[in-house]
Amino acid sequence: MTTVLSNPLRPALLAAARSPRLGATMSKMRITRQLVDRFVAGESEPDAVAAVASLLASGRFVSVDYLGEDTTDAAQASATVDAYLSLLHAYSALDAGERALEVSVKLSALGLGIDSSLALENARIICSAADKAGVWVTVDAEDHTTTDSALSIVRTLRQDFPDLGTVLQAYLKRTEADCREFSGPRSRIRLCKGAYNEPPSVAFQKPADVSDSYVRCLQVLMDGQGYPMVASHDPEMIDAADRFAVHTGRSVDSYEYQMLYGIRDAEQQRLVGDGKHVRVYVPYGNQWYGYFMRRLAERPANLMFFVRSLVSRG
């Protein structure tokens with residue numbers, strides 16, 4: 001497997017993503033807010049809906065994330081639920097085909113850090129409303145300390161909402177086994193490489209090892225009975241998905257590619273032009289700082305784009 005170029009500043013950027021003080025400082029910088037627009041659809045629901053409408057018109061699917069995480073206040077968790085319910089109502093005005101619309105939710109934004117039962121009930125409210133609206137729901141992955149509780153909640157919710165999706169992260173050493181568990185009928189797994197700063201005891205550290213793990217996990221999902229969601233911008237992973245789909249005889253309706261809003265737009269449109277299903281992860285809201293820093297940490301190109309913009313405006 002070819003070694004993937006890593007960002008040498010990744011650990012520092014991921015640590016910075018957890019810093020409220022730095023977040024407050026960067027949020028006040030005009031240049032930062034302008035560059036955030038590359039990765040975030042906006043701060044308001046109308047901003048998100050406008051971005052969604054544009055993507056749907058281009059033949060792409062969407063998954064919208066109302067930004068926020070690590071909530072320690074029950075009222076804030078309830079406000080997050082209300083934001084999703086409002087978004088689901090706004091979806092009803094869009095001209096979208098079957099399976100085109102989805103929401104992504106972080107359980108820590110729904111109160112996982114307060115009480116797992118609170119997060120479960122808040123997630124159930126969203127899943128119920130989405131089910132009535134004909135919209136998919138996927139539970140986002142967070143750092144490894146939340147994985148067991150998150151998957152436990154997913155198992156519980158799938159008893160009533162069997163199409164509930166979840167995210168598994170290939171850099172975690174446990175993920176291949178998790179893929180085997182969640183590869184059964186009607187399962188929907190979004191497989192990504194991972195975007196948090198994890199210790200060597202639980203996660204692969206070298207980019208090449210993460211890529212190798214991704215391919216192994218992807219093969220498990222493609223061999224399974226579920227609906228794999230190939231969340232990667234890496235050309236090697238996209239090519240691997242193509243190969244596995246051909247080998248397993250999967251139709252284009254039995255899996256999809258996923259990419260982030262503002263990243264590799266031309267590649268997204270190329271895949272759509274080839275008849276593939278592509279879903280774009282569309283984040284919005286004013287809690288954009290942590291998400292933005294993780295995007296900078298993921299790829300040197302993102303960080304250099306930010307640095308060049310700072311220098312050119314300095």
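The values are calculated or read from the model by the stated rules, or taken from the named source; none is laboratory data. Note that this is a predicted model, so its numbers are computed, not measured. FYI the Cβ positions are ideal-geometry reconstructions off the backbone, even for glycines, and counts take in every protein chain you see. These area figures cover heavy atoms from the full protein model, side chains too; ligands, DNA and RNA do not enter into them. Shrake-Rupley method; radii C 1.70, N 1.55, O 1.52, S 1.80 Å.
With a sphere of radius 10 Å drawn around the Cβ of MET222, what net charge do the other residues whose Cβ falls strictly inside it have (Lys, Arg +1; Asp, Glu -1)?
Within the 10 Å Cβ shell, the charges total +1.
Can you compute log10 of I(q)/I(0) for the stretch 226-288 with the Debye formula, treating each Cα as one identical point scatterer, at q = 0.21, 0.25, 0.29, 0.30 Å⁻¹?
-0.83, -1.11, -1.40, -1.46
What figure in square angstrom, to the nearest 10, would you give for the accessible area of SER152 with a 1.4 Å probe?
Surface accessible to solvent at SER152 totals approximately 60 Å².
Going by a ≥ b ≥ c, the root eigenvalues of the Cα gyration tensor, does the stretch 95-195 fall in the rounded group (a/c under 1.5), the prolate group (a/b larger than b/c) or the oblate group? Write down the numbers at each step before the final one.
On the way: a/c = 1.69, a/b = 1.20, b/c = 1.40.
Oblate, because a/c is 1.5 or more while a/b does not exceed b/c.
Among 223-232, 200-209, 81-90, how do they line up from the highest to the lowest mean number of other beta-carbon atoms within 10 Å?
Result, highest mean first: 223-232, 81-90, 200-209.
Considering only protein heavy atoms and a 1.4 Å probe, what is the carbon-and-sulfur percentage of the accessible area of the stretch 118-169? Could the numbers behind the result be given before it?
On the way: 970 of 2020 Å².
Ligands and nucleic acids excluded, carbon and sulfur reach 48 percent.
What does the charge add up to near ASP265, with Lys and Arg as +1, Asp and Glu as -1, over the other residues with Cβ less than 11 Å from its Cβ?
Values: positive: ARG38, ARG60, ARG264, ARG270; negative: GLU267.
Counting the neighbours of ASP265, the net charge comes to +3.
Tell me the net charge near ARG99. Cut-off is 11 Å between Cβ atoms, ARG99 excluded, with +1 for each Lys or Arg and -1 for each Asp or Glu.
Summing Lys/Arg as +1 and Asp/Glu as -1 gives -3.
Multiplying the sequence separation of ARG250 and ARG264 by 0.36 nm and subtracting their Cα-Cα distance, what value in nm do you get?
Length gained between ARG250 and ARG264: 2.6 nm.
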